[in-house]
1. If each DSSP helix of 4+ residues adds -39,500 (n - 2.57) and the sum is divided by the residues in chain B, what number results at 222 nm, nearest 500 deg cm²/dmol?
2. Could you order the peptides A:53-61, B:240-248, B:308-316, A:71-79 from most to least packed, using the average number of other C-beta atoms within 10 Å per residue?
3. Net charge near A:Arg75, counting Lys/Arg +1 and Asp/Glu -1 over other residues with Cβ under 9 Å of its Cβ?
4. Got the relative contact order for the range A:34-163 handy, in percent, Cα pairs under 8 Å and 6 or more residues apart?
5. Could you list A:Val84, B:Val110, B:Val86 so that the one with the fewest beta carbons within 10 Å of its beta carbon is first and the one with the most is last?
6. Enumerate by residue number the trypsin sites (Lys or Arg not before Pro) in the range A:127-197 meeting two conditions: DSSP loop (anything except H, G, I, E, B), and at most 14 other Cβ atoms within 10 Å of the site's Cβ.
7. Is the protein assembly as shown best put as rounded, prolate or oblate by its Cα gyration tensor, with a ≥ b ≥ c the root eigenvalues, rounded for a/c under 1.5, and otherwise prolate when a/b is larger than b/c, oblate when not?
8. Can you say what percent of the DSSP beta bridges in chain B, counting only those with both residues inside, are antiparallel? Round to 5.
Amino acid sequence: MSGAEDRIDDRLGDAASGAPWEAAETLPRSPEGAARIDHIVVLGLVAPGARVLDIGCGDGSLLALLRDRRGVDGRGIELSREGVNACLSRGLPVIQGDADTDLANYPDDAFDVVVLSQTIQATRNPRIVLEHLLRIGRQVIISFPNFGHWRVRAELAFRGRMPVTEIMPEAWYETPNIHHCTIRDFVGLCREMDARIVKATALGVRGRPMRFSMPWWVWNLIGAQGVFLLRRGRAAEATSRR
Amino acid sequence: MDSTLTQDAEARAPRTGFEASPASDPRSPVALFGADEPLALDAGVAFAPFRIAYQTAGTLNAERSNAVLICHALTGDQHFAHRHPVTNKPGWWETLVGPGKPVDTDRYFVVCSNVLGSCMGSTGPASIDPATGRPYGLDFPLVTIRDMVRAQAMLLDRLGIPDLFLCIGGSMGGMQVLQWASLFPQRVFAAMPIATGARHSAQNIAFHEVGRQAIMADPAWAEGRYLDEGSRPSKGLGVARMGAHITYLSEPALHRKFGRRLQNRAAPTFSFNADFQIESYLRHQGLSFVERFDANAYLYLTRAMDYFDLAEDHGGVLAHAFRGSKTRFCVMSFTSDWLFPTADSRAIVHALNAVAAPVAFVEVESDKGHDAFLLDEPTLFSAARGFIDAAARARGL
């Protein structure tokens, strides 16, 4: 009986080498020191002098950009020691911690803007994390890889494989991304949670924002990432004011 | 800095009384505070006269803006970067402090004073009570972490230091850093509390109590009057140190260092000799400690730590201790520290977040336990360097 299983394993092993669109999907590597395009998008959404919390801030490049260009009072949360060290060297107040466990300790309205970039799909409980974001920040900027992108769909539909892309570069067995969603799914969650979508955009495979507003289903098909600016809905706003 | 003043102070230091204990000659400058400058202790006593022994390294700049205060731990002293006068060992924080080190003595003026109640030259229970002409013993008033900090502030006033660029310390030193930031927020630009907590836990109080009971159970302790009787509770103090020393390490570190290896023998002796290396090591720790430390000072300083609860001082809400603080903080803990575990540091971070104070937090991966802050820990150094350098840029140093 083990013979049949072996054959299946072999076939899978062969297919694993070189997904056809992996190379085409590669985002342009920004030159050293130049700001990433998705960071520029965030920059455009943050008011000067705002108090900003960047969750999963990495080496602090977005916070440093916001501080230098917008004069924001920025704070970061980062899981990796390397990231924390890099932030300290930049003079950024960063806390070694975890979005899933640490957000509960922040008071309501602690920040003007809370940024969660490419991280929500890696949290244990995205809905609770989003609840905290909306509670802690007056505005929430959130970006995530769109699992509804046509290439992702094609990979699943035609090749029957979990997609591996520049934004989601790990294989299914080692990816930290445990809660993938599509742009449409996320819009649905926002409605369910009474979160107001102030602005939204989709980024193309090269990380550039789509120029025109399009129906959700189009973005959901051609956007590689979704970027949303959210606020508490009216009901939540009223509750928090009480 | 008014060097003549401190030189004078050193020259005027009374020679009587401090010879009572072998560890009492500070071999460092001292600042004297007379009857006209009493310290209002939390115990309700206006304490005077007293003296504070200290050491410095580096030079205070013309703007007086580059001062660093190092706060030492329970059994530490002012000899942070100077050869120890009793043990002849290098300064206890030469790993972190010195020329080109993260706390760079080429750039900063670094001060460290022996805490009030200790026995390395600052007034403590082994000092002579001017009212009786005998060592204070248990007549010495209970001091708190806040009292120590107030005494340090008086020393800084004396040295002409208006405010601190950085206040840094580990363990009991970290408690002082937190107390400084809470009591004198406008005098602390940057603060680094390391391997510490905003309160002493029940478990920590328990360990301290065991140590104190060991000292008091030693007949030579003589109700605290051993200096009058010419005796020393060395056995009790040694046992106290042995017990405490275990709490400064970790099980993996003990295993790595000693395992079950035997001490200079091939087989167990079927006796209560120190067959195991760990036993021999702990006995050595106890023996060497009693040569440099006063038993009553150990009682007083452990008590000061037990009483420390910064939240309790502020209506039970730790965040209130830091309300309106402009100080930038870098809190650090070590993964294997079970005396002041990471959760204690996180509680500090949460409180600082709640009042929107700029706070960084680093948990250093180490198997060396609580003592890791005194040891060679590259992550500690790189994080400290990053934080301190950035703070210096922000202050224009």
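1. Numbers: 11 runs with 139 residues, N = 397.
Result for chain B: -11000 deg cm²/dmol, rounded to the nearest 500.
2. On the way: A:53-61: 24.2, B:240-248: 20.1, B:308-316: 16.2, A:71-79: 22.7.
Highest-to-lowest ranking by the protection proxy: A:53-61, A:71-79, B:240-248, B:308-316.
3. Working: positive: A:Arg51; negative: A:Asp54, A:Asp73.
Neighbour charge sum, excluding A:Arg75 itself: -1.
4. Values: 210 pairs, mean separation 26.9, N = 130.
Relative contact order, the range A:34-163: 21 percent.
5. Details: A:Val84 29, B:Val110 26, B:Val86 17.
Starting with the residue having the fewest Cβ neighbours, the order is B:Val86, B:Val110, A:Val84.
6. Working: sites: A:Arg127, A:Arg135, A:Arg138, A:Arg151, A:Arg153, A:Arg159, A:Arg161, A:Arg184, A:Arg191, A:Arg196; in loops: A:Arg161.
Here the sparse-neighbourhood loop sites are A:Arg161.
7. Numbers: a/c = 2.65, a/b = 1.86, b/c = 1.43.
Note, shape of the protein assembly as shown comes out prolate.
8. Values: 14 of 39 bridges.
Looking only at bridges with both residues in chain B, the antiparallel portion is about 35 percent.
No value in this document is a laboratory result; all are computed from the given coordinates. The shown structure was predicted, so the numbers you read here are calculated from the model rather than taken from an experiment. No Cβ is skipped: glycine too gets one built from the backbone with ideal geometry, and neighbour counts run over all protein chains shown.
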